[in-house]
Amino acid sequence: MPDQKGDKPLENGKKISRRTLLGGAATAAVVLAQTASGKSFQAALTKSELHLLEDPTKVPGVPPGTLGTRSPFEKPVKAPSDISSRTPLQDLFGTITPSDLHFERNHNGVPAIDPAKYELIIHGMVDKPMVFTLADLKRFPSVSRIAFLECSGNYRGAADGKITPQQLCGLTSQSEWTGVKLSTLFREVGVSPKSTWFLAEGGDAAVMTRSVPVEKGWDDAIICYAQNSEAIRPEQGYPVRLFLPGWEGNINVKWLRRIELSDQPFQTRQETSKYTEAIGGGKIRQFSFTIDARSIITYPSYPQKVEKGWIEIRGIAWSGRGKVVRVEVSTDAGKTWKPAELQGPVMDKSHTAFRYLWNWNGQSTEILSRTVDETGYVQPFLKDLLAARGGNMGYHYNPVTAWYIQNDGQVLFKAT
């Protein structure tokens, strides 16, 4: 109850006066003014100001601003290293990755490129070599498609089991990509029927270059300038990148500045010294472009802790070969497998969300998932991959992922 002076007692015994309340209202007014002048909702609210707004029905809210932001209570972030930054898969709820959480992989930093000065050169075995500005590319008929992108080195393990989905395979993300079909530009320049490969060259400090079969260019390759309905982010290749649905990330050259047509691969540094993998018998495989079928359970996973009873097992599955047709879940360390529910629409070369409702009895066990795509390919176990590769831990590792659930509900990674 208020005392005789009208002051309200607080839980800690202190009193708050009418003057203090008015001061708080004034502070809130300052927050509103700051936001109206261009600051975001999150930037406008300090911890003390958030405390003042504990009852949102008592203080006017922040008015519309120039740029939307996440709630200050939600803080998903990428996990950076010197050369990459991983998507927080365990924090996402759908299949589209927010643009600012899309994984990064670069070889010499992110360049700053003025879109007004941007040019894409297409030459070599063509009838009419041409130079396209960004405005030129946007004048062509556009195409959009939802598809995943994944680094071919997207696998890590942990002997102690303390590794999150983000750390394990966070070098995959999904966006809606928009641009012009490469086949449209091929027709514009008149690609020679004798050309079988093209060189894609980036405008970064690494001058990333990769050889690409021409048939992929005619098929579904896109010269992208937009991602999730906005201009493509600098980390993803602004102002223009090459996008090859279903193929390893490195060949999807960012900051694209040149395409050269030829009748043979160019054998660049990246595709000879890197991005090859052992296949056993002392042999090395080159130009293994396609990302094989894969899945991962994102909940429950490390460092989460679960309780006995009903649990919705959730995750994502994908394949560079086409559509995911089935995801199977095991809750008894792989002894038996049950079909999971796929969230529609299931799209070609795209992340597909899956769910499986499970009643945990409180006993320790392992939960796993595996994907089958429309070609019949079945996601393999790690031991089978190691046997096939002669123990080489290079690229294109897509093993079944297991999570060990202890009696106390703690979840740890378990190598398969």
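Computed values, structure above
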read-out	value
Highest-MSF residue in the chain out of 277, 312, 366 [GNM, Cα springs under 10 Å]	312
Cα shape, the chain, gyration tensor, a/c 1.5 rule	oblate
Per residue accessible area in Å² of the chain, where ligands, DNA and RNA are left out and the probe is 1.4 Å	49
Amide proton proximity set for residue 164, modelled H, under 5 Å, gap of 5+	none
DSSP bridge orientation in the chain - percent antiparallel, rounded to nearest 5	95
Phi-based couplings in Hz for the range 349-359 (Karplus 6.51, -1.76, 1.60; Gly and Pro marked x)	6, 9, 4, 10, 7, 9, 9, 8, 8, 9, 9
Integer Hz, Karplus 6.51/-1.76/1.60 couplings in order for the range 117-127, x for Gly and Pro	9, 5, 9, 10, 9, 10, 8, x, 7, 9, 6
J(HN,Hα) series, the range 238-243, from Karplus relation 6.51 cos²θ - 1.76 cosθ + 1.60, nearest Hz, glycine and proline x	3, x, 8, 9, 8, 10
Helix-only CD estimate at 222 nm, as mean residue ellipticity for the chain, using -39500 (n - 2.57) per DSSP H run (n ≥ 4)	-4000 deg cm²/dmol
Cβ-based net charge around residue 151, under 14 Å, with every Lys or Arg adding one and every Asp or Glu removing one	+2
Built amide H within the under 5 Å cut-off of residue 118, gap 5+	134
Rounded accessible area of residue 323 (nearest 10 Å², 1.4 Å probe)	90
Considering only the range 83-275, percent of DSSP beta bridges that pair antiparallel, nearest 5	90
Of 335/414; 78/383; 254/274, those spanning more than 22 Å from alpha-carbon to alpha-carbon	78/383
Efficiency of FRET from Cβ geometry, residue 74 and residue 206, R₀ 41 Å, rounded to 0.05	0.75
Cα-based shape type of the range 294-414, given that a ≥ b ≥ c are square roots of the gyration tensor eigenvalues and the cut on a/c is 1.5	oblate
Amide H partners (placed H, <5 Å) of residue 285, local residues excluded	277, 278, 279
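The values are calculated or read from the model by the stated rules, or taken from the named source; none is laboratory data. Every value quoted in this text rests on a predicted model; they were computed, and no experiment measured them. With ideal geometry, Cβ positions are generated from the backbone for all residues, glycine too; neighbour counts draw on all protein chains shown. To get the accessible areas, we keep the full protein, side chains included, count just its heavy atoms, and leave off ligands, DNA and RNA. Shrake-Rupley method; radii C 1.70, N 1.55, O 1.52, S 1.80 Å.
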